[in-house]
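One structure is given below, encoded as structure tokens.
Coordinate-derived values only; no laboratory data. Keep in mind that what you see is a predicted model, and the values were worked out from it rather than measured. Note that each Cβ is placed from the backbone with ideal geometry, even for glycine, and that neighbours are counted across all protein chains shown.
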Amino acid sequence: MSHNAESTAFRSALEVIRAVEPRVADAIGVELTDQRESLKLIASENYASPATLLAMGNWFSDKYAEGTVGRRFYAGCQNVDTVEALAAEHARELFGAAHAYVQPHSGIDANLVAFWAVLADRVESPALKKAQVRQVNDLTEADWFALRRELGNQRMLGMSLDAGGHLTHGFRPNISGKMFDQRSYGTDPATGLIDYDRVAEAAREFKPLILVGGYSAYPRKVNFRILREIADSVGATFMVDMAHFAGLVAGKVFTGDFDPVPHAHIVTTTTHKSLRGPRGGMVLCQPELADQVDRGCPMVLGGPLPHVMAAKAVALAEARRPDFADYAQRIVDNAQALADGLLRRGATLVTGGTDNHLVLIDVSGYGLTGRQAEQALLDSGIVTNRNSVPQDPNGAWYTSGIRIGTPALTTRGLGTAEMDQTAELIHTVLTQTTAGANADGTPSKAKYTLDADLADKIARQATDLLAPHPLYPGIDLA
Ligand SMILES: *Cc1c(COP(=O)(O)O)cnc(C)c1O
């Protein structure tokens, strides 16, 4: 691939956009500059390849394609069929999955599809069974009433939010926490690790319909074989949300007990985090759930996005290449180097380290809240996000943690030596930041002071770290 082709493609695209609304073209250009200059440690973000980005910017966006490959509610979907079938095939091959559904628009949408599929498959509801085998017009008002009653209040057991679980795993701000009767399993307070005996105990007591594994902020491997055994012991469907670590599964860093695909009945994911594809979601499942999963659109999803499915096919093809396995291993090597660098300088890490792509710093050791730390780091050119730690005394808004992840910087080509330097920058900012006070003298959870010259100096050092590793080296918009 000549670099020239990438530059030409994006320059021409911007020229076309500029002729209509120059401010949009400008914003796209500035976004590239900003992304190039920032030390991005947001664990859920990455940089998709130019091929993936370009696959999204075209007339596939114009097609309606409700239904599934070969069974559409719209005419003229033969080319959409081609890309959707390709994306699904790459997904099945990459993950060794029996079935792949590539229409979900995001990770949350993929979870909605999965919840619906499990409810439809598992709930003992005569009214629901009727609704599935008959024309819905044949159902009486009493049937519908029964259906609504029987579908609600089903039980879900997932990882607690402050231990690293996701909102969609049954938590109140999300529909899953309103529709489902939810319990959660946490981590051992002493080690920060999942205590599988406690999960088994909670499952025995609660008898969930769905046991959910997966996380957004847990820095360790999860043993999915054990979770499946627990699910089986209580007759639960085992669902894994691998949104964060799908790239590590794809790259065969997580294998055996740590690969969710052979163990779970149903697996959901995003495609844009460590998997490095376009923004989107995906569901993988065992054959018995495939029919229900394929009803995702229009059951819970809006019309498919054919341009994004094209980009998923491209990104999944990239993830099947041998260099992706190397990338996935480097993500973990980098996270471990970052963790070691922080530990050596005296930081406190949840679980004392990492074996995946993320590190969770407990910043209370620096006398800060997550919010103060996040903002002070941002002032210094280091982009992270605040996150709860287990049993967080500061709640979900201020928090006591900073979550950092390495997928994005690894894509740029930074290695373990640069991770140690990054640890030095982070540690310096956090030690030099002091918590502020409110007007009445009480400690503030948001205010802080950090010397502006120091912040500038750190930001310059961060830029220097990035300089040898340009983002999108093949794209020159000038
Ligand atoms: C990021 C994430 C999601 C949500 O993905 P979106 O694409 O933002 O909808 C769902 N589950 C987990 C575990 C996540 O980390």
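Report Rg/Rh for the chain, rounded to two decimals, where Rg is the Cα radius of gyration and Rh the Kirkwood radius. Intermediate results must be reported in sequence, preceding the final value.
Numbers: Rg = 23.4 Å, Rh = 23.7 Å.
Expressed as Rg/Rh, it is 0.99.
How long, wide and thick is the stretch 59-319, going by the Cα atoms along their three principal axes, in whole angstroms, largest first?
58, 51, 30
What does the extension gain come out to for Asp291 and Glu31, with contour length at 0.36 nm per residue minus their alpha carbon separation? Don't skip to the end; give the middle numbers.
Working: separation 260, 0.36 × 260 = 93.60 nm, distance 4.10 nm.
So the extension gain works out to 89.5 nm.
What three numbers, in Å, describe the spread of the alpha carbons of the stretch 325-466 along their principal axes, ordered from the longest?
The Cα atoms of the stretch 325-466 stretch 54, 35, 23 Å along their principal axes.
DSSP loop GluC sites (Glu not before Pro) in the stretch 91-199 with at most 14 other Cβ atoms within 10 Å of their Cβ, which ones? Show your work: numbers first, answer last.
Working: sites: Glu93, Glu124, Glu141, Glu150; in loops: Glu124.
Those that pass, being in a loop and sparsely packed, are Glu124.
Quick one: of Lys40/Lys273; Lys178/Lys207; Lys63/Lys312; Lys40/Lys457; Lys178/Lys445; Lys273/Lys312, which pairs are farther than 23 Å apart, Cα to Cα? Each step should come with its number before you reach the end.
Numbers: Lys40/Lys273 13 Å; Lys178/Lys207 18 Å; Lys63/Lys312 16 Å; Lys40/Lys457 17 Å; Lys178/Lys445 30 Å; Lys273/Lys312 12 Å.
As for pairs spanning more than 23 Å Cα to Cα, those are Lys178/Lys445.
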